[in-house]
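Novice: Pasting a structure here, questions to come.
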Amino acid sequence: MPEPDLIARVRAGDRLAARALYDAHVGRVLRLAHRITGDAHLAREVTQDAFVKALSRLDQFRGDSAFSTWLHRITVTVALNAMKKVKRQRGREAPIEDAEVLSGEGEGGVDPVVRERLHRAIDALPEIYRTTLIMHELEGYSHIEIAEALGVAVGTCKSRLFIARAQLRAALRDLEGEIHG
């Protein structure tokens, strides 16, 4: 069933259509939430909260962009708010490797020490740069999708990614031979 028809059915109260919409998007929303939060449990909570918020506000979806873009914008907002709450309560505890297990992806032949340094360097990035980097490099979002999800201009998205990469290069400069060689 085409997504606009599915959305119309959800708006009309069709619970099976809501489940189909959820099933179509839950994987990518969960991966995005996990990459932002760095915590599998929190990512599941963020995913649930994002879907609850999206489905309860489905009447606000105008269709100007893809439903997935609208949903991912909600997910990013919910995840960032959750991170602020968690940071107030405690520091981030779960390493980014949990995301690899959750997504079924790994970094195969990368030296564990290099991988750990990379993850720490990513975690140390300011939130706006880390979120953009994660969405683009790890989740494969386009600049347009990221810009729409974060509510910024495409140029801002590109600039943030450039700065994030520059900060990572500077933080990992001593590993240059190990990463490229």
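The values are calculated or read from the model by the stated rules, or taken from the named source; none is laboratory data. All values reported here derive from a predicted model rather than from experimental measurement. Surface areas here come from the heavy atoms of the whole protein model, side chains and all, with no ligands, DNA or RNA. Shrake-Rupley method; radii C 1.70, N 1.55, O 1.52, S 1.80 Å.
Novice: Accessible surface of PHE61 in the full protein assembly, 1.4 angstrom probe, to the nearest 10 Å²?
Specialist: That residue has around 30 Å² of solvent-accessible surface.
Novice: If you don't mind, another one. Calculate one ³J(HN,Hα) per residue across region 32-47 by plugging θ = phi - 60° into the Karplus curve 6.51 cos²θ - 1.76 cosθ + 1.60, and present them in order as whole Hz with x for glycine and proline.
Specialist: Values per residue, Gly and Pro as x: 4, 4, 5, 5, 6, 8, x, 9, 4, 5, 5, 4, 5, 5, 4, 4 Hz.
Novice: With every protein chain left in place and a probe of 1.4 Å, what is the accessible surface of MET1, to the nearest 10 Å²?
Specialist: In the full protein context, MET1 sits at about 130 Å².
Novice: How much accessible area per residue does region 1-93 have, counting only protein heavy atoms and a probe of 1.4 Å, in square angstrom?
Specialist: Averaged over the residues of region 1-93, the accessible area is 56 Å².
Novice: If you roll a 1.4 angstrom probe over the protein chains with everything in place, what fraction of the accessible area of region 12-83 belongs to carbon and sulfur, to the nearest %?
Specialist: Taking all protein chains in place, region 12-83 shows 49 percent carbon and sulfur surface.
Novice: Considering only protein heavy atoms, with the full assembly of protein chains and a 1.4 angstrom probe, order TYR141, TYR22 by accessible area, largest first.
Specialist: Order by accessible area, largest first: TYR22, TYR141.
Novice: Still on this structure, please answer the following. For a quick check of understanding: with a 1.4 angstrom probe and all protein chains in place, what accessible area in square angstrom does LYS85 have, to the nearest ten?
Specialist: 110 Å²
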